[in-house]
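Coordinate-derived values only; no laboratory data. On a predicted model such as this, the values are computed, not experimentally measured, just so you know. Every residue, glycine among them, receives a Cβ derived from its backbone with ideal geometry; neighbour counts consider all protein chains shown.
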Amino acid sequence: MMKSFSKYITFAFFLTLLFSCNEDRINENDFGTITGIVVVEGSNEPLENVRISTSPVTSTVFTDVAGKFKIENVPAGEYSVGARLDGFLARYEPATVINNTSVNVIFEMEISTANNRPPSTPVLIKPAENEVLESTEAIFEWSSTDPEGDPITFSLELRNDQDEEVLLFEDISDSTYVYSDLMLGAQYFWQISATDDINPPVLSPVGTFKVMNAPVENRFLFVRNINGNNVIFSADEEGNEFQLTSENTNSYRPRRNVAANRIAYLQTTGAQADIYTMKRDGTDKVKVTSNVKPNGFDLNEINIDWPENSDRIYFPNMDKLYQIRSNGQNLNLVYQTPDGSLISEMAASENANLIVLKTNDLNGYNVSFITISKNGNFIDTLISGLPGGASGLDLSVDNNTIVYSYDISEFQSNDYRRLNSRIFTYNISTADVVDISNEKPNGTNDLDPIFAPNEAFVIYTNTSNDGISRKDIYTLEIGVDETRTLLYTDAFMPDWE
């Protein structure tokens, strides 16, 4: 009897244990899925190979090339999902996994800067230490690199010994900066700050340079091409030069007015030109023209004139001649060609009611020289219908002689190339034409002549007729053979007052 009772107890315990185990078993539907994407904070760029794990621990996976991940068969419950990748701060996001459901998690990971290094100390390159600048413009240049390749932002601080002003130029992304309003005769101190916007700014040593005193005896003006822009210089007879306009602007055709002690010139912006004036030292630049601008068949081939005893600057606009005061007021139409020919150059008398004009067709050819009065009345045709190119025009102080250059080859082309330009004088009273290009080298052009102040010489440009070679400025004594004198190399568009 006791043996039967013992078997009964054992069987009952087994049934109890069996039913208890069945109650704790997890149902196959008590699982969910965690999906998501990992991107860079700010740019939303997907991140590949990011390690994704959970707490409590389930599976560990890695993101694909699109930054996406998927963890399957995750028991239902509350989790903390972590994302880790070298170079980024670890991120954690909560996730609640529900039976037979997918939960989505998005990570925006921030780049780690814990080990980021600052840019190198900026090295000052230009201006050189204690350099004396022959211009009111300084081109600042320096070098600095970032070990991680982070973008660097620079600031330039500029001081001088003339006043207490501190100039600060910020948010410079390049390692160069141009400043065009330096004080003549001043000593300057400059310093560069570099930052990667992660580390504290790094300061360069303090650099020093000087600006030369204002040139007061420079009677010559000319143009030099620097990095694709025309730049105006002044110079004395010993060859000492001073830069007047910025290398960042295209400025040319300088004309000095002695009475006003200023220089008028052309400056282009895109496909348009304007007249500006400045002091002889290159300061106080003022724009003169506005709605009506200088224009012609080629902006490089048009000219302006500013008679010494007048406040009026003359300039062409296609078939019209205008005058405007040097302060930009009182624009007046002086003359319009009756045949539609274009006005390219002019020479207004300083002491008589006379203006000489050079006209041409849309291609720069079919050249004529005519005279008009200053109130716009036609006077006479001096030369008419020249088939080749011509450039340069000036009028003698006695109003009886003009000087100009003309291509005697009569060559015509779309690029206005000239093959054999020579300098001529024309006597208005007698109509005599004289070739004064004595001993001009073969294969070259004499261009843009003007009279010297004493009119015993002309000053002009000589260059190869290939159209791409260096241009140089010479003087030539009128009526004397073989007296060409080189004044300035790599220079053109001269003026001598």
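Across the range 133-262, C-alpha contacts under 8 Å between residues 6 or more apart give a mean separation that, scaled by the residue count, equals a relative contact order of 22 percent. Computed extension length for residue 400-residue 384: 4.0 nm, one decimal, from 0.36 nm per residue of separation with the Cα-Cα distance subtracted.
Fully extending the segment from residue 430 to residue 143, taken as 0.36 nm per residue of separation minus the present Cα-Cα distance, adds 96.8 nm. One decimal place: the segment residue 269-residue 236 gains 8.9 nm when fully extended, by the rule 0.36 nm per residue minus the C-alpha distance.
Of the labelled figures [x] 25.8; [y] 38.8; [z] 24.1, only one reflects mean projected area of the Cα convex hull in nm² as derived from the coordinates, namely [y]. Mean residue ellipticity at 222 nm, helices only, the chain: -1500 deg cm²/dmol; runs of at least 4 DSSP H residues each add -39,500 (n - 2.57), and the sum is divided by the number of residues.
The protection proxy used here, the mean number of other Cβ atoms lying within 10 Å of each residue, ranks peptides 51-57, 397-403 as follows, highest first: 397-403, 51-57. Across the cross-link table entries 287/358; 285/320; 358/471; 210/279; 287/320; 210/293, which are compared at the Cα atoms, the separations over 28 Å belong to 210/293.
The simple Förster model, with R0 at 45 Å and r as the Cβ-Cβ distance, assigns residue 330 and residue 470 a FRET efficiency of 0.65. Ordering 321-330, 298-307, 258-267 by mean Cβ neighbour count within 10 Å, with the highest value first, yields 298-307, 258-267, 321-330. A simple spin-label model places pseudo-atoms 7 Å from Cα toward Cβ; at residue 166 and residue 98 they are separated by 6.1 nm.
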